[in-house]
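Only one structure is covered here, and it is reproduced in the block below.
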Amino acid sequence: HHSRSFWKAGNFEVGRIKSTAIHGELEHARVHPKFLHSNATSHKWAFGAIAELLDNAVDEISSGATFVKVDRIYNPRDNSPALLFQDDGGGMDPERLRKCMSLGYSSKTSNSTIGQYGNGFKTSTMRLGADVIVFSRSSQSGRATQSIGLLSYTFLRRTGQDDVIVPMIDFDISDHWAEPILCGSQDDWSTNLKTILEWCPFATKMDLMRQFEDIKSHGTKIIVYNLWLNDEGIYELNFDDDDEDIMLRDEANSGNTSKTNKRALELQSHISY
C-alpha cells in the first residue's frame with residue numbers, strides 16, 4: 001500500500017495545456033491534475049486548511065448560518081476516516097458551486113477570478129485529502145436547487161485525465177421532488193452521476209440523495225476523504241487520542257522542546273485550538 005501523500009500519489013505525464021473558450025462566455029484555462037498538489041501546498045499547516053473552510057462557513061452568517069459542524073465520519077466504502085464540514089448558510093446554487101469547485105474559472109463580467117470562495121476551497125480540501133464531495137442546497141429568486149460536485153484526485157489519476165474534470169449534477173427541488181437540471185444532454189447528466197457514484201463514498205443514488213436529508217432547506221456539506229498520510233504512513237490527523245477532538249499527530253512531539261513549550265504545542269495540536 002503506497003503512502004497517500006500527494007507527491008507519492010503517482011506520476012502524471014503532462015500533455016500540453018490548452019486554453020479553450022466555452023460558449024464564448026467563459027474562459028476556461030485547462031489545468032493538468034498534477035498541478036492540484038502544488039496548489040495545495042500553500043497550506044503548510046493542516047489546521048490552516050481547516051480554518052479556511054471554517055471561514056467560508058463564518059462568511060455564511062450573513063446568509064443565515066447558525067452553526068458550522070466539523071466532524072470525523074467514516075467512508076462507507078472502506079471504513080477509512082473522512083472529514084465533514086457542514087453549515088446551514090445560504091448554500092450554493094449550481095453556478096456558484098461551479099465557481100467554487102472548478103479551476104481557472106473566470107467570467108468576463110467580473111475582473112477578478114477570485115470568487116467568494118476564490119481558490120481557498122480547492123487549496124484547503126486538497127491539502128487535507130485526495131478527494132472531496134460537496135452537497136449544497138440553496139434557493140435563489142424563488143427557485144430551490146440542490147447540487148453535488150466531486151473533485152477527486154483519485155478519479156483524475158486512475159483514469160489518466162489530462163484536465164481537471166469536476167463532475168457535477170443539479171436538481172430543481174422547488175416542487176418537493178428532485179428534478180434533474182440539464183446543462184447539456186441527459187446523457188451528460190447521467191455520465192456525471194455515474195462518475196460521482198463510482199468515485200465518491202456513496203455507492204447508490206439513494207445513498208447519495210440521503211446526504212441532503214440533514215441539510216434541510218439550505219446549507220452546504222463538504223466531505224473530504226482519502227485523507228493524506230504522514231511520512232510514516234499514518235494519518236496526519238489523529239482521531240483516536242481524544243474522543244472529543246481531532247488532533248495533529250506530529251505537532252506535539254516535534255523536536256526537543258521545553259516542558260512549557262511542549263504544553264503549548266500540545267494545546268495547539270487540538271483542532272479546538
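Give the calculated FRET efficiency between PHE35 and ARG210 to the nearest 0.05, with a Förster radius of 30 Å applied to their Cβ-Cβ distance.
Once rounded, the FRET efficiency stands at 0.30.
Towards the positive end of the charge dipole of the range 28-250, with charges on Cβ (+1 Lys, Arg; -1 Asp, Glu), say which of MET206, THR195, ILE61 has the farthest Cα.
Towards the positive end, the residue furthest out is THR195.
In nm, give the distance between the simple-model label positions of ASP78 and SER62, each being 7 Å from the Cα along the Cα-to-Cβ direction.
4.1 nm
What percent of all Cα-Cα pairs in the range 136-273 falls into each 5 Å bin, going from 0 up to the bin containing the maximum distance?
Each 5 Å bin holds this share of Cα pairs: 2, 8, 13, 15, 14, 12, 10, 9, 8, 5, 2, 1, 0.
Quick one: ranking TYR153, TYR235 by accessible area, 1.4 Å probe, largest first, what do you get?
Accessible-area ranking of TYR153, TYR235, largest first: TYR235, TYR153.
Given the peptides 143-150, 122-129, arrange them by the average over their residues of other C-beta atoms within 10 Å, most packed first.
Ranking the peptides 143-150, 122-129 by packing returns 122-129, 143-150.
If you average 1/r over all unlike Cα pairs in the range 28-250 and invert the result, what Kirkwood radius do you get in angstrom?
After inverting the pairwise mean of 1/r, the radius is 17.9 Å.
Using the Cα centre of the range 130-234 as the reference point, and only Cβ charges (+1 on K/R, -1 on D/E), how large is the resulting charge dipole? Debye, rounded to the nearest 20.
Computed charge dipole of the range 130-234: roughly 220 debye.
Spin-label point model (7 Å from Cα, Cβ direction): what's the LEU265 to GLN140 distance in nm?
4.7 nm
Where does each of 194-205, 221-232, 130-141 land if you order them by average Cβ count within 10 Å, highest first?
For the peptides 194-205, 221-232, 130-141, the packing ranking is 130-141, 221-232, 194-205.
Could you sort the peptides 238-246, 33-41 by per-residue average Cβ neighbour count (10 Å cutoff), highest mean leading?
Ranking the peptides 238-246, 33-41 by packing returns 33-41, 238-246.
What's the magnitude of the charge dipole for the range 28-250 around its Cα centre, counting Lys and Arg as +1 and Asp and Glu as -1 at the beta-carbon? Answer in Debye, nearest 20.
Dipole magnitude for the range 28-250 comes out near 880 debye.
Here is the link list: LYS44/LYS69; LYS44/LYS262; LYS44/LYS216; LYS69/LYS99; LYS34/LYS99. Which ones come out longer than 29 Å on Cα distance?
LYS44/LYS216
The values are calculated or read from the model by the stated rules, or taken from the named source; none is laboratory data. The structure presented is a predicted model; accordingly, all values stated were derived computationally and were not measured. Every residue, glycine among them, receives a Cβ derived from its backbone with ideal geometry; neighbour counts consider all protein chains shown. Keep in mind that these areas ignore ligands, DNA and RNA; they rest on the heavy atoms of the full protein, side chains included. Shrake-Rupley method; radii C 1.70, N 1.55, O 1.52, S 1.80 Å.
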